[in-house]
1. Against the definition (in contact with a Cys (Cβ under 7 Å, 6 or more places away or on another chain), in contact (Cβ under 8 Å) with a residue 24 or more places away in the chain and under 21 Å from A:LEU22 (Cα atoms)), how does A:PHE60 come out, yes or no?
2. With the requirement that a residue be within 12 Å of chain A (Cβ to nearest Cβ) and out of contact with any Phe, Trp or Tyr (no Cβ under 8 Å at 6 or more places or on another chain), what does region B:59-68 give you?
3. Anything in region A:63-96 that is under 20 Å from A:ALA16 (Cα atoms), part of a strand (DSSP E or B) and of a type in the set (S, T, N, Q)? List them, or say none.
4. Tell me which residues, restricted to region B:97-122, are part of a strand (DSSP E or B), modelled with pLDDT under 95 and out of contact with any His (no Cβ under 7 Å at 6 or more places or on another chain).
5. Pull out all pairs, ordered by first then second residue, where Cβ-Cβ is under 6 Å, the residues are six or more apart or on different chains, the first lies in region A:139-154 and is closer than 23 Å to B:ALA83 by Cβ and at the interface with another protein chain (Cβ under 10 Å from one of its Cβ atoms), and the second is open to solvent by 70 Å² or more (accessible area, probe 1.4 Å) and not β-branched (Val, Ile, Thr).
6. Only residues that are within 14 Å of chain B (Cβ to nearest Cβ) and not small (Gly, Ala, Ser): list them for region A:92-125, please.
7. List the pairs whose first member sits in region B:1-28 and is closer than 19 Å to B:GLU165 by Cα, whose second member is part of a helix (DSSP H, G or I) and of a type outside the set (Ser, Thr, Tyr), and whose Cβ atoms are under 7 Å apart, counting only residues at least 6 apart or on separate chains?
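The values are calculated or read from the model by the stated rules, or taken from the named source; none is laboratory data. Bear in mind that the values here come from a model prediction, so they are computed numbers and not experimental data. FYI the Cβ positions are ideal-geometry reconstructions off the backbone, even for glycines, and counts take in every protein chain you see. The area values use the complete protein model at the heavy-atom level, side chains included, leaving out ligands, DNA and RNA. Shrake-Rupley method; radii C 1.70, N 1.55, O 1.52, S 1.80 Å.
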There are 2 protein chains.
Amino acid sequence: MSRIVTARPLTRDAFAEFGDVLDTDWDNHFPINNGKCERYHGLARAQAEGPNASVQLSIFRGQPYEFPLKLTMVERHPFGSQAFMPLSPAPFLVVVCHDGPEGPAEPQAFVTRPGQGVNYPRNLWHGILTPIGESQDFLVVDRGGDGTNLDEHFFDEPWEIRLAE
Amino acid sequence: MSRIVTARPLTRDAFAEFGDVLDTDWDNHFPINNGKCERYHGLARAQAEGPNASVQLSIFRGQPYEFPLKLTMVERHPFGSQAFMPLSPAPFLVVVCHDGPEGPAEPQAFVTRPGQGVNYPRNLWHGILTPIGESQDFLVVDRGGDGTNLDEHFFDEPWEIRLAE
């Protein structure tokens, strides 16, 4: 089996089987504040379970990665979701895997367009934050609390993730 | 009493009595992902109470306001917090009020520097989203669920909010 994966453009339809896309291409929107603001409502819901769970806000400042990327590991969070919203108009790589009989199945890769974020639900295997092209800041909404909220899976052989030409 | 309020620069110290500032000027940060990412951890915690409560993510697309601003109303959310994180490097106005014996006390006004967001805790009186200078998108983290999660207070006379020269 080839271990090369080419990233596709991130769309809500393509990503629906994995998690939520955070962008304004969303039907549930309506004006508020006397029409001065449009609310794109309920793009995702945060999950927080386990001991002393809360939903917390953090900022991640991530350095860019080189491509093709050698993907050696994916992780998941058994107690809660994790959302990444970019604070600058630059793309990042989204890698996710369905859960297979012996850990994560074949990785699926997506490239965001500027302005898109993602929310990974509880227990979805995903790659670490992977900015493309430049250092980027992200608002991260995830679960705080006690207990071990991290599973890591290291692949026997790395995958190679390519950006489309 | 003068009804003119001049907005101050938003700092964590100045805003501490009201809510949370979302920026990287924060001591609790540490490297993750083999040093490729710096996590500015736990800047704020979302609150969600009341019937069928959840923490939800939305995008607000707000139009800019003219200054001096006539402030006629503030609002608060009895069931949860509400965070606003700008998705472009532009400032917005933050207006908050302590709770007084007859509703909100005198407004306090702050101007963010680009890259700063805020989190309003449950029941803090605050002005509506007020971009400065240009249309802006914000990631909003607030409470979903049933029940009435909005109190509005209309001032007998409007306040005038000025930006510092």
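1. yes
2. Taking region B:59-68 and keeping what is within 12 Å of chain A (Cβ to nearest Cβ), we get B:59-66.
Once the filter is applied, which keeps residues that are within 12 Å of chain A (Cβ to nearest Cβ) and out of contact with any Phe, Trp or Tyr (no Cβ under 8 Å at 6 or more places or on another chain), region B:59-68 yields B:GLN63, B:PRO64, B:TYR65, B:GLU66.
3. Start the filter on region A:63-96 by keeping residues that are under 20 Å from A:ALA16 (Cα atoms), which leaves A:74-78, A:80-86, A:91-96.
With part of a strand (DSSP E or B) added as a condition, the list becomes A:74-76, A:80, A:82-86, A:92-96.
A:GLN82, the sole residue that qualifies.
4. The first filter runs over region B:97-122 and keeps only residues part of a strand (DSSP E or B), leaving B:97, B:99-100, B:103-104, B:108-111, B:117-120.
When the remaining residues are screened for being modelled with pLDDT under 95, the result is B:100, B:103.
Matches in region B:97-122: B:GLY100 only.
5. none
6. Start the filter on region A:92-125 by keeping residues that are within 14 Å of chain B (Cβ to nearest Cβ), which leaves A:92-93, A:95, A:112-122.
Matches in region A:92-125: A:PHE92, A:LEU93, A:VAL95, A:THR112, A:ARG113, A:PRO114, A:GLN116, A:VAL118, A:ASN119, A:TYR120, A:PRO121, A:ARG122.
7. Here the result reads B:ARG8/B:ALA14, each pair linking region B:1-28 to a residue that is part of a helix (DSSP H, G or I) and of a type outside the set (Ser, Thr, Tyr).
Quick grid of which residues meet (1) open to solvent by less than 20 Å² (accessible area, probe 1.4 Å); (2) in contact (Cβ under 8 Å) with a residue 12 or more places away in the chain; (3) under 15 Å from B:GLY62 (Cβ atoms):
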site: B:MET73; (1), (2), (3): no, yes, no
site: B:GLU102; (1), (2), (3): no, no, no
site: B:GLU106; (1), (2), (3): no, yes, no
site: B:ALA109; (1), (2), (3): yes, yes, no
site: B:THR112; (1), (2), (3): yes, yes, yes
site: B:GLY115; (1), (2), (3): no, yes, no
site: B:ASN119; (1), (2), (3): yes, yes, no
